[in-house]
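The values are calculated or read from the model by the stated rules, or taken from the named source; none is laboratory data. The model shown is predicted, which means the values in this text are computed figures rather than measured ones. With ideal geometry, Cβ positions are generated from the backbone for all residues, glycine too; neighbour counts draw on all protein chains shown.
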Amino acid sequence: MCGILFELSQADNFTTSSISDDLVKDVARRGPDSLESVELVVGSLRLKFTSSVLSLRGTAVVSQPLFSKSGGAEKQDDAPGYVLCWNGEAWRFDGQEFGSDENDTEAIFNQLSSCNGEVQDVLQKIEGPFAFVFYDGPSKRVWFGRDWLGRRSLLRRKSVDGDGNVAICSIADSQTISKWEEIEADGFYYIDLQTYTNPWHPQKRTFVSKSEPSSTEPHSMTLPIPQLCKHIPPTNPPALNPQSPPVSRLYDLLYDSLRLRVQNIPRHSIPLVPGHEGKLRPSKVGILFSGGLDCTMLARIAHDILPAEEPIELLNVAFENKRVLQAAFAEAKKARKSKKASAQMNNETELEPSALEDLSVMDSINSVYDICPDRQTGRKSWLELQSVCPTRDWRFREINVPYEQVVQHKSAVIALLHPHDTEMDLSIGLAFYFASRPLETDSPRILLSGLGADELFGGYARHGTAFNRAGYPGLIDELELDLTRLGKRNLGRDDRIIANWGREARFPFLDERLLQEVVSWPVTDKCGFGAVQSDEEWSTLDNEKQVLRLLAWKLGMKGVAGEKKRAIQFGARTAKMEAARGGKVKGTQKISAALG
């Protein structure tokens, strides 16, 4: 994980750069291990590349930006011929895994520096999340972009007061926040410095589906996954069971995906504190843990991969929601009035109202975190993990967030969300912001997320609605919609929030090889809608994500197998925290409109 900042300006007015010191500090927060810059002049243009580094690969910290000379007799100055700012994790290149002692940034830089300008061909061979800015000196082009799923954030800034300067960054500058927009995850862009004009219009190499004729897109690149399998199953197909081949195959795919993401984490990336051994041993891996099916399965399979002595952190966040507290106060008041009326009717001695009310209120305050749905589910799933995998040190971290802290950090979260700007974005952003905030000096830098499971295996309530409305064709259409918009949704937003704390989110369900295979399965290999159920105990499991539920059952996690889907903003109680400010608040309502 790294922070990227690129600036392009006229060489003669670089001193008037509109990039603030605060933006550089925010970029540094993303990568606390290193912060460096490289500057060069190309004709009348000045280029400045800045990168911060969160070192999680190789045997030592590799500072960025990486740069080298292009060489050749035509080289007449000492300016770098190639410069790379890289924010990503390349798990494989051209089908081959990197060695445990290799640094992926150096390997990708070497490939880009020797590709003779065919930058898109190199980038298309990468498996893993990334965003980048790369200067190719011989062609005088600055390339930038995000992987096809948009798993890392990258924004670009429009001109400020007509200054003509270009800025590309992992996050927005709060001083010019309205000028920043997200770079689409639809291809790789480049600025040709030999024809650069103001305003700038970058050219692009586009991602297209494998089904599209290449002749329609001469400069296109093929997406790494096939189209969704649209086979219509026969009426009333047999249901999956724990021994069905897709269940076993899903375990293999998740195991392989997790293996890349939790093994070979270098020791230099783990903050060590003297005396932290045994039960105080620092964790390499944490899981954003609601106790639901997706995240608990990641924990369960990670247990099969990591050495027995390595602890795993389960990060469970719960919020003091004023709206919930107000409801508790109202219920206590209602109960007091009811008992008072009953006492008067029966000529009984009335308990002092203030004492009864105080008791009810205190109970509500003491349990405000305990009654959060994700806290209850998290504890239950934690206990099941301890029962099924008793040799592991499962560290259940209860992250309690008072309302006052929400108020204190709200403006920072809104800035990190940009350009996302809805109440739902804020609710989800708050949950990730506090869940990923380090608890202590040796908090794990790598956080696993279950994102992607619902889209792949039919985990949303609307999938069942689609099946009930239009059968298998309707369900398949809904799943295809989810698949096609994976790269246009919220991964950049989540990256901005989590990386702010110098931590990296990893998404095992979004591994390229897992996606390639699962999208080719018929819908009945993923969920149980319309299938003929047996009278076995597992037949009571929900239809949503049934293959994943059966895998949980097979691995001994029967309680987790039956857990219902719950959105994080409702489970952690971040949704509608301030509904009282002006009536009902919809998730699609703009934050800016509400503030204005």
* Does residue 495 satisfy the criteria of being in contact with a strand residue (DSSP E or B) (Cβ under 7 Å, 6 or more places away or on another chain), outside the structural domain of residue 187 (by TED's automatic domain parsing), closer than 24 Å to residue 298 by Cα and buried (at least 19 other Cβ atoms within 10 Å of the Cβ)? -> yes
* **Residues of the range 83-105 that turn out to be at pLDDT below 95, out of contact with any Asp or Glu (no Cβ under 8 Å at 6 or more places or on another chain), of a type outside the set (S, T, N, Q) and surrounded by 15 or more Cβ atoms within 10 Å (Cβ to Cβ), as a count** => 1
* To do: Output the number of residues of the range 416-440 satisfying the condition of being among the acidic types (Asp, Glu), surrounded by 20 or more Cβ atoms within 10 Å (Cβ to Cβ) and in contact with a strand residue (DSSP E or B) (Cβ under 9 Å, 6 or more places away or on another chain).
  => 1
* Asked: What is the residue count in the range 167-190 for residues that are farther than 16 Å from residue 131 by Cβ and surrounded by 14 or more Cβ atoms within 10 Å (Cβ to Cβ)?
  -> 5
* Asked: In this structure, does residue 163 turn out to be within 28 Å of residue 82 (Cα to Cα) and modelled with pLDDT under 90?
  -> yes
* What's the number of the condition residue 479 fails, among (1) part of a loop (DSSP other than H, G, I, E, B); (2) modelled with pLDDT of 95 or more; (3) closer than 22 Å to residue 251 by Cα? -> (1)
* To do: Inspect the range 528-541 for any residue being in the same structural domain as residue 436 (by TED's automatic domain parsing), modelled with pLDDT of 95 or more and either under 30 Å from residue 367 (Cβ atoms) or of a type in the set (Asp, Glu) (or both) and give the result as yes or no.
  => no
* Taking residue 323, is it outside any strand (DSSP E or B) and at pLDDT below 80? -> yes
* Asked: Does residue 413 count as assigned by TED's automatic domain parsing to the domain that holds residue 284, surrounded by fewer than 18 Cβ atoms within 10 Å (Cβ to Cβ) and not hydroxyl-bearing (Ser, Thr, Tyr)?
  -> no
* Asked: Just to be sure, is residue 306 closer than 29 Å to residue 526 by Cβ and either at pLDDT below 90 or out of contact with any strand residue (DSSP E or B) (no Cβ under 8 Å at 6 or more places or on another chain) (or both)?
  -> no
* Could you list, in sequence order, all residues of the range 393-452 that are more than 20 Å from the chain's Cα centre (by Cα), hydrophobic (A, V, I, L, M, F, W, C) and within 29 Å of residue 590 (Cα to Cα)? => 401, 406, 407
* To do: Please determine, by comparing only the residues of the range 417-442 that are out of contact with any Pro (no Cβ under 8 Å at 6 or more places or on another chain) and hydroxyl-bearing (Ser, Thr, Tyr), which one is farthest from residue 374 (Cα to Cα).
  => 422
* Only one residue in 475, 456, 486 is over 20 Å from residue 549 (Cβ atoms) and buried (at least 21 other Cβ atoms within 10 Å of the Cβ). Which one? -> 486
* Quick one: in the range 245-292, which of the residues that are of a type in the set (Asp, Glu) and at pLDDT 80 or above is surrounded by the most Cβ atoms within 10 Å (Cβ to Cβ)? -> 256
* Structure fact -> Being on the phi > 0 side of the Ramachandran plot and in contact with a Pro (Cβ under 8 Å, 6 or more places away or on another chain) narrows 117, 150, 145, 137 down to just 117
